[in-house]
Amino acid sequence: MDFEFIDENEIEAVKRGRKSTVPPELIEALASMPKGKALKVREYALDPKSEDYKNDKASVSAMIRSAGVQAGVLVAISFSPEGIPQIVIKTPKVKTKK
């Protein structure tokens, strides 16, 4: 077996996975969305008949949730029968004392 001891400060590492690319326009739209409105994002429409629909839906949902985090809001995502994601801002529930 071939190995060598090195100092901790000599460690070279590659980050795992890929970076999420969230469009700044989506972040801005979520941050400025009026109360009582929903955002329909036709650009991320998926084909519900596709074999990869579940995986694609999960990827799009994760990207939208990431945009929500960056916009400082909590989002709920519903896909239309045509596969178009529709986003609403969830209001956090306020805990009441009993």
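Every read-out reported here was derived from the displayed coordinates using simple, explicitly stated rules and does not represent laboratory data. Values in this document were obtained by computation on a predicted structure and should not be read as measured data. Note that each Cβ is placed from the backbone with ideal geometry, even for glycine, and that neighbours are counted across all protein chains shown.
Some notes on this structure:
- Karplus-derived 3J(HN,Hα), 6.51/-1.76/1.60, for each residue of region 68-82, Hz, glycine and proline x: x, 4, 5, 7, x, 10, 9, 10, 10, 10, 10, 9, 6, x, 7
- The 3J(HN,Hα) values that the Karplus relation (6.51, -1.76, 1.60; θ = phi - 60°) gives for region 3-8 are, in residue order, 8, 8, 8, 10, 6, 4 Hz. Gly and Pro appear as x.
- Close amide H contacts of Leu74 (hydrogens built in the peptide plane, cut-off under 5 Å, sequence separation of 5 or more or a different chain): Lys90.
- Structure-based [θ]222 nm, the chain - -39500 (n - 2.57) summed over DSSP H runs of at least 4, per residue, nearest 500: -9000 deg cm²/dmol
- Placed amide H near Ser80: partners under 5 Å, 5+ positions off or other chain: Gln86
- Annotation: amide H of Leu46 within the under-5 Å range of Ile84, sequence separation 5 or more or interchain, hydrogens built in the peptide plane.
- Label-to-label distance, nm, for residues given as Asn9 and Ala58 (7 Å Cα→Cβ offset): 4.3 nm
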